[in-house]
Amino acid sequence: MSESIDTAERTGSSAGRARRVPLGRDFGKLWTAAAFSNLADGVGRVAVPLIATTLTRDPLAISAISALAFLPWLVFGLPAGMLVDRFDRRWIMAIANGIRGLAAVALALLTVSGALDIWWLYAGVLVFGFGETLFDNATNAVVPSVVKRPALDRANGWLQAAQITIDSFISSPIGGVLFAVSLALPLWVGAAGYLVPIVLAILLPLSAARPLREAEVTPTRAEASIAAGDPLAAAEEAVAPTAPAAPSKVSAREALSYLWHHRFLRSMVIFTSIVGSAFAFAQAPVFLYFLDVHHVAPAAIGLVTAGIGVGGLGGSLIASSLVARFGRGRVMLGANFVAAISLAGVWAAPEAISGTVAYGLMAAAVSVWNVPWGALRQTIVPGHLFGRVLGIGRTLTWGIFPFATLLGGWVARVDLRLPFLLAAGVTLVATLVAVRLLLEASKHDAPEE
């Protein structure tokens, strides 16, 4: 797979520039590991809520499935980031998927034995979520170690394209069909899907392991000599062998201070938490919305998610080209406006096809947003802080999602369409307030410490 990625990336140009920098074989390993992990995630993402509908038809109880999937980011997001910055990121990815695979096997055994109830599903989703905090955090932290900086937007686009393609076009339809055949079958398939990333993660290069500190914050003796106006001494120091700096203690305080004093990142985390919560609020009743409002058969839910995935995949594939043409700021601003309009379209949809199209357009907008936002974090945040900063950011954003999801499920008890309309309004207002902030994204294209 890595060879095909390299071949694709060698063609074309970015806004009239020279030939693009290849993503490389190491990124191919990372991409393939993420793809197989997404295969397992996608099967479970469809199967678990569908299994829940066989146990209860309460929108609030079913929305709790999605809420619990995000809850680990609230309680474990920062510790996961500290682990990613402290230990070998390759082994963290492998162990996280091993844990998720064992959880899928346990749920499958409970299903086969007839002992499964909604509480066991809740417990399984929590385990999947804790594994995700580790695997996803480590995957994002590894990207700058295996690709060059000019390729970050494209690398994130490829990762997101893999996630959407596998989730929507392969695992989700398969999950719906497997569910129709047997309740336990999608869980067995999901467990098998977690195995391949374990091997591929371990095969990643040493550079992906643990870049605790890319460079010392304090100046070297050569830099001090230059500052003192002694270029000869600087040259002597530059050629002298230097011992590698001892790794600094991994603490949350350093990352918290960095994020707090970085005005742009701090503001973006706040904005992302608001808009992301609106999306989580809207998505709480999505399965019941298609099942009960548009009367989609349970076995066909995978086809609906595939239709939605068309938009998400398209957005991920064109995002880097849009960034090259219009700049990150304008692209991120436009993506949020499109998302707000699309949510309103889901609310107004008269039947399943138009609802799927509107939802697909929203998925495209979210994908277009995710690519430059991910590249921005990887570009701005120093490598030795990345795991912790990402963990803090997702604790503050994804940690709110469980409450937003439960609130959306509660509102859906009144009307399954209403959460989409309210989320559209929140997204539109937040984007209008943050126009200047989002446009500023184009100015931040260099690492800061």
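List of remarks:
- Scanning the stretch 166-192 for residues that are polar (S, T, N, Q) and at pLDDT 70 or above, we see that the one that is surrounded by the most Cβ atoms within 10 Å (Cβ to Cβ) is SER171.
- Those residues of the stretch 332-346 which are surrounded by fewer than 21 Cβ atoms within 10 Å (Cβ to Cβ) and more than 20 Å from GLU440 (Cα to Cα), in sequence order: ILE341, ALA344, GLY345
- Test: ALA215 is at negative phi, modelled with pLDDT under 90 and either small (Gly, Ala, Ser) or touching a strand residue (DSSP E or B) at 6+ places or on another chain (Cβ under 9 Å) (or both): yes
- Cβ-Cβ contacts under 7 Å between residues 6 or more apart (or on different chains), taken from a first residue in the stretch 146-159 that is part of a helix (DSSP H, G or I) to a second residue that is charged (D, E, K, R) and open to solvent by less than 20 Å² (accessible area, probe 1.4 Å), are listed as ARG154/GLU9.
- The stretch 357-412: number of residues that are out of contact with any helix residue (DSSP H, G or I) (no Cβ under 7 Å at 6 or more places or on another chain) and over 30 Å from GLU254 (Cα atoms): 1
- Pairs, first more than 13 Å from ARG149 (Cα to Cα) in the stretch 17-29, second at pLDDT below 75 and crowded, with 19+ Cβ neighbours inside 10 Å, C-beta under 6 Å, six or more apart: GLY28/ILE5
- Selected residue (criterion: farthest from ARG266 (Cα to Cα)) from residues of the stretch 421-449 that are at pLDDT 90 or above and either of a type in the set (Lys, Arg) or not in a helix (DSSP H, G or I) (or both): ARG436
- Every test in (1) without any contact (Cβ under 8 Å) to a residue 12 or more places away in the chain; (2) open to solvent by less than 30 Å² (accessible area, probe 1.4 Å); (3) not β-branched (Val, Ile, Thr) is passed by MET93 save one, and that test is (1).
- Restricting ALA363, ALA412 to those that are aliphatic (A, V, I, L, M) and open to solvent by 10 Å² or more (accessible area, probe 1.4 Å) reduces the list to ALA363.
- Flag for GLY131 being without any contact (Cβ under 8 Å) to a residue 60 or more places away in the chain, in a helix (DSSP H, G or I) and surrounded by 22 or more Cβ atoms within 10 Å (Cβ to Cβ): yes
- Number of the exception - THR395 against (1) hydroxyl-bearing (Ser, Thr, Tyr); (2) more than 14 Å from the chain's Cα centre (by Cα); (3) open to solvent by 10 Å² or more (accessible area, probe 1.4 Å): (2)
- Which numbered condition ALA106 misses (of (1) surrounded by fewer than 19 Cβ atoms within 10 Å (Cβ to Cβ); (2) of a type outside the set (Lys, Arg); (3) in contact with a helix residue (DSSP H, G or I) (Cβ under 9 Å, 6 or more places away or on another chain); (4) at pLDDT below 85): (4)
- Considered as a group, the residues in the stretch 322-343 that are among the small types (Gly, Ala, Ser), over 12 Å from PHE279 (Cα atoms) and in a helix (DSSP H, G or I) include one that is modelled with the lowest pLDDT, and that residue is ALA324.
- Within the stretch 308-327, residues that are touching a residue at least 24 places away in the same chain (Cβ under 8 Å) sit with their Cβ atoms under 7 Å from residues that are open to solvent by 50 Å² or more (accessible area, probe 1.4 Å), at 6+ positions apart or across chains, in these pairs: GLY309/PHE169; GLY311/LEU361; ALA324/ALA15; ARG325/ALA15; GLY327/SER442.
- Restricting the stretch 78-89 to residues that are of a type outside the set (Asp, Glu) and surrounded by fewer than 24 Cβ atoms within 10 Å (Cβ to Cβ), the residue that is nearest to VAL127 (Cα to Cα): PRO79
- The set of residues from the stretch 426-449 being within 15 Å of VAL275 (Cβ to Cβ) and in contact (Cβ under 8 Å) with a residue 60 or more places away in the chain comprises VAL426, THR427, LEU428, ALA430, THR431, ALA434, VAL435, LEU437, LEU438, ALA441.
The values are calculated or read from the model by the stated rules, or taken from the named source; none is laboratory data. Keep in mind that this is a model prediction, so the values were computed, not measured. For neighbour counting, all protein chains shown are included, and Cβ atoms are generated from backbone atoms with ideal geometry for every residue, glycine included. Note: accessible area is taken over every heavy atom of the protein model, side chains too, but ligands, DNA and RNA are not part of it. Shrake-Rupley method; radii C 1.70, N 1.55, O 1.52, S 1.80 Å.
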